[in-house]
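These notes concern the structure reproduced below.
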Amino acid sequence: MLKSIALPIALLGVFATANADEGQWQPHQLPQLKSELKRIGITIPAEKLADLSKHPMSAIVNITGCSAAFVSSQGLIVTNHHCGYSAIQRNSTAENNYIANGFLAKTRAAELPGGPNTLIYVTEKVENVTERVLKDLPATMSGRERYEEVSARIKSLVAECETDKGYRCSVPSFHRGLEYYRIRQLMIRDVRLVYAPSDKIGEFGGDVDNFEWPRQTGDFSFLRAYVGKDGRPADPSPDNVPYKSKDFLVVSAEGLKTGDPILLAGYPGRTSRYKLPSEIRFARDANFPVRVADMQADLAVIAAATKGNNANEVRYASVVKSTNNVLKKTQGLLDGFARKDIAAIKDVQDAEFRTWFKQQGSKAGVAPTMLADLDALIAADMALQDEEFGWSVASNSDLLKSARTLYRLALENQKPDAKREAGFQERDLSFIKARLARLEQSYVGSVDEARFTSALQRYTKVAPNMHPKGIDALLPAAADAGTLYRQSELGDTAKRLAWIGKDVNAFAKSDDAFIQLAVKMSDATLAIENRRKEIDGNLERVIPQYMSAVIAWKKTQGKPVYPDANSTLRVTYGTVASYSPRDGLTKGPFTTVEGIVEKHTGVHPFTAPKALLDAVRDKRYGVYKDPVLGTVPVNFLSSADTTGGNSGSAVMNKRGELVGLNFDSTYESITKDWYFDSAITRAIHVDIRYMLWVMSEIDHADNVMKEMTIKYPHKK
């Protein structure tokens, strides 16, 4: 999620601080927010929240694109159903469909492998390495030279940090190159599925209700982290033992009420609150509309190609789910831009900042040509984004992507490891193998052929400026796409993996059609990549100057400036709150199990389990009955600042106890990634009381509940 105020582009994030609930804060910034935390009622000392080695932050983890939290000392992790979906889908077949039927391991031995792409990262150390990344960079460097030098320094910092192979390190930039932090994470690679409710609970409402309110979705699942007997990360093995998590969250079944404070901790993905007005108009008028149309077309092809074949539908379930989520969010951004002219709002902010900069910018030590340089670079960036979109359409084939990855690996293997492109070093080999192997669970030749054929047809119709230089002559005609599949063995997992480690000469001599295509297109695709490096290198020279000026302008306000989300650990806070999406309409902050009964039609996605409907009819609510609502709450709203990647984030009460999981935001909130409107921005969470009720009353997951520490309200 994002923030906003009345300032320029970059200032959007900075000035968003005026709204108390806006901000995706780095943990070390929290002591600067003591008064805000105290104001809303948080009782945990800010200094404790800033310490990654102490509860509750030590219990917060990242799980392959989502957030999660330990809830027992035996490595038990809770996250969203859709975050565990890959593990659920991986183990499902048409005959034994855990997506539809749910899954519960009554014993440790019955837990199912999450697969090589399901990894858990425990952040242990964060250190500022800005000086080591940026010191003495020659001003005469080209953009690409600067990009390559910064990348080399980052790779050196990562290698220095990863001498212990149990850890994964990264050096992300903050404020687009103003600061760099090295992050050290324990990487647990044996993760197993423990429990997930049926999608009739975990996805109730499906794509229809996605981003909507009111909502009644039980978006939760449980996994477990395993390590070797020595307590260190290890490859999956039946000899492994549960990871003994240093800390875990206590669960509170006491519940919340309107106005109560909440803390939310997780790994938000990407926000764009520092974008210029021109960038917003580009997204609104050009980039997003073509992306929406292309996703819709691709989904239609998948639907037609898998129709009537349950096995194929299961294989593509995760792809469809992910694409639909991105589609609805992108369409929501377009609708949000139409509802509120964010570009015009930012025009005003930008004008104010530029006026200030002309008068005071020199005092911030920023070159007077900075804004002109930035405008020119933004224009070049948008032009290249057009071509990159065109290339993404033309290359929409899993076999082509696999062939390109394999050939690029061969090219990079010719270099010393330190000189290889990030993503193709020795440290990345296991991830490459995992991606190529994972394709077996989400690939069908006839479906991929249909997608590629359609994509090639669509590519011929995109605007000329979206055709990357040198690509058109290399692509097959849509009518010939099928021939490539008949002349390729990459659809076979063993044969696909066998290409790992082969040299460039072997690729050049190959008669595999997709390998040949990847080799033929390599120079043109590398040229696009190098142009991207040139632009990014120059942007990362200029944008930090811009941010320095913004921060200098905001310094007198007395509040810290939060950076855009970048998949690193962040904390946000807020209160349980209703909102008014339009005149005369107010939406309350809680939904209940009665809403499930009201929406139930017996037709997907509004099909609830009979056991649940019976329990609601009989009002078997037990200790999970809310004293005010008189029933079991399902979902609730808060004013917390979230975005993609915050899925599965622990929602905690004022004492740091788990009271829910973040899983979505309202449709009106989607534009928060670009502009935070505190009046209507709301995050959607699943209430822990509903989770516990489902576990107890519907799925009888008593063994999982006994493992957690649950605090129940005092009985009168």
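Would you grab the residues whose amide H sits under 5 Å from the one on residue 687? Only those 5+ places off in sequence or on another chain, please, with H modelled 1.01 Å from N.
635, 636
If I model a spin label at residue 140 and residue 628 as a point 7 Å from the Cα along the Cα→Cβ vector, what separation in nanometres do I get?
Going by the 7 Å Cα→Cβ label model, 6.8 nm.
How big is the antiparallel share of DSSP beta bridges in the chain, given as a percent to the nearest 5?
Taking every DSSP beta bridge with both residues in the chain, the antiparallel ones total about 95 percent.
Roughly how many debye, to the nearest 20, is the charge dipole of the chain about its Cα centre, given +1 on each Lys and Arg Cβ, -1 on each Asp and Glu Cβ, and no other charges?
Approximately 1300 debye in magnitude.
What net charge is computed for the residues neighbouring residue 384, neighbours being all others with C-beta under 14 Å from the C-beta of residue 384, Lys and Arg scored +1, Asp and Glu -1?
-3
Report relative contact order for segment 372-477 in percent, whole number only (criteria: Cα-Cα under 8 Å, sequence separation at least 6).
50 percent
From the mean inverse distance of alpha carbon pairs (Kirkwood) and the Cα radius of gyration, derive Rg over Rh for segment 277-548.
Rg/Rh for segment 277-548 comes to 1.03.
Of 81, 712, 446, which is farthest on the positive side of the dipole of the chain, counting Cα position, with +1 on Lys and Arg Cβ, -1 on Asp and Glu Cβ, and the Cα centre as origin?
712
How would segment 132-290 be classified by its alpha-carbon gyration tensor: rounded, prolate or oblate, with rounded meaning a/c under 1.5 and the a/b versus b/c comparison settling the rest?
Taking the square roots of the gyration eigenvalues as a ≥ b ≥ c, segment 132-290 is oblate.
Farthest toward the dipole's positive end in the chain, which of 287, 140, 317, given Cβ charges of +1 (Lys, Arg) and -1 (Asp, Glu) about the Cα centre?
140
Quick one: 511, 219, 699, fewest Cβ neighbours within 10 Å first, how do they rank? Could the numbers behind the result be given before it?
Values: 511 9, 219 29, 699 20.
Ordered from fewest to most neighbouring Cβ atoms within 10 Å, 511, 219, 699 come out as 511, 699, 219.
Considering Cα pairs under 8 angstrom that are at least six residues apart, work out the relative contact order of segment 277-548 and quote it in whole percent. Don't skip to the answer; put the middle values down first.
Numbers: 226 pairs, mean separation 74.7, N = 272.
The value is 27 percent.
Could you tell me whether segment 354-450 comes out rounded, prolate or oblate from its Cα gyration tensor? Rule is a ≥ b ≥ c as square roots of the eigenvalues, rounded for a/c under 1.5, then prolate if a/b exceeds b/c, otherwise oblate.
It comes out prolate by the Cα gyration axes.
So what's the net charge close to residue 123: Lys and Arg +1, Asp and Glu -1, counting the other residues with Cβ under 14 Å from its Cβ?
With Lys, Arg at +1 and Asp, Glu at -1, the net is +3.
Within 10 Å, count the other beta carbons around each residue, average over each peptide in 297-309, 108-120, 182-194, and list them highest first.
Put in order of decreasing packing, that is 182-194, 108-120, 297-309.
Quick check: net charge around residue 82, other residues with Cβ under 10 Å of its Cβ, Lys/Arg +1 and Asp/Glu -1?
My count for the surroundings of residue 82 gives -3.
Cα to Cα, under 24 Å, and not fewer than 8 places away if on the same chain: which lysines meet these conditions relative to residue 533?
135, 155, 275, 401, 415, 419, 469, 520
Stretch residue 700-residue 505 to full length: gain in nm at 0.36 nm per residue minus the Cα-Cα span? Could the numbers behind the result be given before it?
Working: separation 195, 0.36 × 195 = 70.20 nm, distance 5.80 nm.
Gain on extension, residue 700 to residue 505, equals 64.4 nm.
Could you pull out every residue, at least 5 positions away or on a different chain, whose amide H is within less than 5 Å of the one on residue 190? Hs are placed 1.01 Å off N in the peptide plane, and Pro or chain starts have none.
For residue 190, whose amide H was placed from the backbone, the distant partners under 5 Å are 226, 234.
Please go through the residue pairs 48/555; 257/554; 625/654; 555/672; 346/555; 125/706 and name each one whose alpha carbons sit more than 29 Å apart in this structure. Please report the intermediate quantities before stating the final value.
Values: 48/555 25 Å; 257/554 35 Å; 625/654 21 Å; 555/672 24 Å; 346/555 20 Å; 125/706 32 Å.
Checking Cα-Cα distances, 257/554; 125/706 exceed 29 Å.
Report the calculated FRET efficiency for residue 414 and residue 320 (r = Cβ-Cβ distance, R0 = 51 Å), to the nearest 0.05.
0.85
Points 7 angstrom from Cα along the Cβ direction at residue 293 and residue 611: gap in nanometres?
Label-label distance for residue 293 and residue 611, simple model: 4.8 nm.
What FRET efficiency comes out for residue 351 versus residue 582 if R0 is 25 angstrom and r is the Cβ-Cβ distance? Round to the nearest 0.05.
0.30
If you average the C-alpha positions of segment 254-324 and of segment 366-438 separately, how far apart do those two centres end up, in angstrom?
When both Cα centres are located, 21 Å separates them.
When the chain is fully extended, how far beyond the present Cα-Cα distance does residue 307 get from residue 237, taking 0.36 nm per residue of separation?
21.5 nm
Whole-Hz Karplus ³J(HN,Hα) for segment 673-688, in order, using 6.51 cos²θ - 1.76 cosθ + 1.60 and θ = phi - 60°, x for Gly and Pro?
4, 10, 7, 8, 9, 4, 6, 10, 6, 9, 8, 10, 10, 8, 6, 4
For segment 554-662, what does the alpha-carbon gyration tensor say about shape, rounded, prolate or oblate, given a ≥ b ≥ c as the root eigenvalues, a/c under 1.5 as rounded, and a/b over b/c as prolate?
prolate
Normalised by the residues of the chain, what does the relative contact order come to in percent, with Cα pairs under 8 Å and at least six apart?
26 percent.
If you compute Rg/Rh (Cα atoms, Kirkwood Rh) for the structure shown, which of (i) 0.98; (ii) 0.95; (iii) 1.01 do you land on?
(ii)
Only counting other Cβ atoms within 10 Å, I'd like 689, 531, 232, 215 sorted with the fewest neighbours first.
So the residues, fewest neighbours to most, are 232, 531, 215, 689.
For a Förster distance of 35 Å, can you work out the FRET efficiency between the beta-carbons of residue 494 and residue 162, rounded to the nearest 0.05? Can you show the working numbers first?
Values: r = 30 Å, r/R0 = 0.85.
Efficiency for this residue pair is about 0.70.
Once you charge only the Cβ atoms, +1 for Lys and Arg and -1 for Asp and Glu, what is the size of the charge dipole of segment 277-548 about its Cα centre, to the nearest 20 debye?
About 440 debye.
Around residue 575, which amide H atoms from residues at least 5 apart in sequence, or from another chain, sit under 5 Å from its own amide H, with H modelled in the peptide plane?
Hits under the 5 Å cutoff: 262, 639, 640.
Assign unit charges at the C-beta atoms only (+1 for Lys and Arg, -1 for Asp and Glu), then state the dipole size of segment 511-629 relative to its Cα centre in Debye, rounded to the nearest 20.
That gives a dipole near 640 debye.
Once Lys and Arg get +1 and Asp and Glu get -1 on their Cβ, which of 261, 378, 603 lies farthest toward the positive end of the dipole of the chain?
Projecting each Cα onto the dipole axis, the largest value belongs to 261.
Every read-out reported here was derived from the displayed coordinates using simple, explicitly stated rules and does not represent laboratory data. For clarity, every value in this text was computed on a predicted model and none was experimentally measured. Note that each Cβ is placed from the backbone with ideal geometry, even for glycine, and that neighbours are counted across all protein chains shown.
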